[in-house]
Every structure is written in structure tokens, then in C-alpha cells.
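The values are calculated or read from the model by the stated rules, or taken from the named source; none is laboratory data. All figures in this text were calculated on a predicted structure; none of them were measured in a lab. Cβ atoms come from the backbone with ideal geometry, glycine included; neighbour counts cover every protein chain shown.
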Amino acid sequence: MKYWHKRVTVGSFYNLSEEAQNEELGYDDNARENRYLIADDGQCWDIGMFEYVKGSRYHGVMIITNTSAIGAILSRDGESAVIQCFG
């Protein structure tokens, strides 16, 4: 897996592209109520998939595989974040 980091915006279901909205609704009937981390390239991650890990430098971590994850650090105003894939 290639490791990366991105600056993203925190937004609602309605900030997603139509394609992303349809995809999220396919996974979750309550997707309209969720908050998302949204990258400029259209990629998005449901904030609810990130878990708090005590003692971590990240505000939330989402497991991808048994050896990799995405960590999120939210801005003070809660309107943006930096996410990083690591292993």
C-alpha cells in the first residue's frame, strides 16, 4: 500500500458529489445524517468510521488492513483536517 497524507474539509452528506452520495447510501441508510472528511479529489471518509485511540497523536483512526490505517487530526475550528495513511 502506498502511504500518503491529505488536507480535507469536514462536511455533510450534501457536500459530497452525487456519485459519492449514491455510494454512501448503498452502504448506510442513514448516510444523510453523517459527517464526512472530503478531499479536493472527491474521495471521502465517514467520520463515524474513525475511532478515538487513547494516547495517540490522532483525533481518530480508521483501520484499513491488519497493518495499515488512516489517522485524522482535526483543526481547532473543526472545519478541516489532515489525514494520513500509515502502516
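Based on this model, can you work out whether N34 counts as touching an Asp or Glu at 6+ places or on another chain (Cβ under 7 Å) and among the polar types (S, T, N, Q)?
Numbers: touching an Asp or Glu at 6+ places or on another chain (Cβ under 7 Å): yes; among the polar types (S, T, N, Q): yes.
Judged against the criteria, N34 is a match.
Is there any pair with a first residue in the stretch 19-47 that is among the acidic types (D, E) and a second that is in a helix (DSSP H, G or I) and surrounded by 13 or more Cβ atoms within 10 Å (Cβ to Cβ) whose Cβ atoms are under 6 Å apart and which are 6 or more apart or on different chains, and what are they?
E24/A31
Only one of these conditions is not met by S56: (1) in contact (Cβ under 8 Å) with a residue 60 or more places away in the chain; (2) among the hydroxyl-bearing types (S, T, Y); (3) closer than 17 Å to H5 by Cβ. Which number is it?
Evaluating S56 over (1) in contact (Cβ under 8 Å) with a residue 60 or more places away in the chain; (2) among the hydroxyl-bearing types (S, T, Y); (3) closer than 17 Å to H5 by Cβ leaves (1) as the failure.
Is it the case that the stretch 63-86 has a residue that's among the acidic types (D, E), at pLDDT 95 or above and either within 21 Å of Y3 (Cα to Cα) or touching a Phe, Trp or Tyr at 6+ places or on another chain (Cβ under 9 Å) (or both)?
Of the stretch 63-86, the ones among the acidic types (D, E) are 77, 79.
Next, only the ones that are at pLDDT 95 or above stay: 77, 79.
Checking which are either within 21 Å of Y3 (Cα to Cα) or touching a Phe, Trp or Tyr at 6+ places or on another chain (Cβ under 9 Å) (or both) leaves us with none.
No; the residues of the stretch 63-86 include none that is among the acidic types (D, E), at pLDDT 95 or above and either within 21 Å of Y3 (Cα to Cα) or touching a Phe, Trp or Tyr at 6+ places or on another chain (Cβ under 9 Å) (or both).
Scanning the stretch 1-47 for residues that are hydrophobic (A, V, I, L, M, F, W, C) and part of a loop (DSSP other than H, G, I, E, B), which turns out surrounded by the most Cβ atoms within 10 Å (Cβ to Cβ)?
Quick first cut of the stretch 1-47, residues hydrophobic (A, V, I, L, M, F, W, C) only: 1, 4, 8, 10, 13, 16, 20, 25, 31, 37-39, 44-45, 47.
From what is left, the residues that are part of a loop (DSSP other than H, G, I, E, B) are 1, 4, 16, 39.
Details: M1: 10, W4: 10, L16: 19, A39: 14.
Among those that are hydrophobic (A, V, I, L, M, F, W, C) and part of a loop (DSSP other than H, G, I, E, B), it is L16.
Answer yes or no: is there a residue in the stretch 33-47 that is of a type in the set (A, V, I, L, M, F, W, C), at pLDDT below 95 and in contact with a strand residue (DSSP E or B) (Cβ under 6 Å, 6 or more places away or on another chain).
At the first step, the residues of the stretch 33-47 found to be of a type in the set (A, V, I, L, M, F, W, C) are 37-39, 44-45, 47.
Those left that are additionally at pLDDT below 95: none.
No: the stretch 33-47 contains no residue that is of a type in the set (A, V, I, L, M, F, W, C), at pLDDT below 95 and in contact with a strand residue (DSSP E or B) (Cβ under 6 Å, 6 or more places away or on another chain).
Which members of the stretch 1-26 meet the condition of being modelled with pLDDT under 95 and over 15 Å from the mean Cα position of the chain (by Cα)?
M1, K2, Y3 - these are the residues of the stretch 1-26 that are modelled with pLDDT under 95 and over 15 Å from the mean Cα position of the chain (by Cα).
Identify, by number, the condition in (1) aromatic (F, W, Y); (2) exposed (fewer than 12 other Cβ atoms within 10 Å of the Cβ); (3) free of Cβ contacts under 8 Å to residues at least 24 places away in the same chain that F50 doesn't meet.
With respect to (1) aromatic (F, W, Y); (2) exposed (fewer than 12 other Cβ atoms within 10 Å of the Cβ); (3) free of Cβ contacts under 8 Å to residues at least 24 places away in the same chain, F50 is out only on (2).
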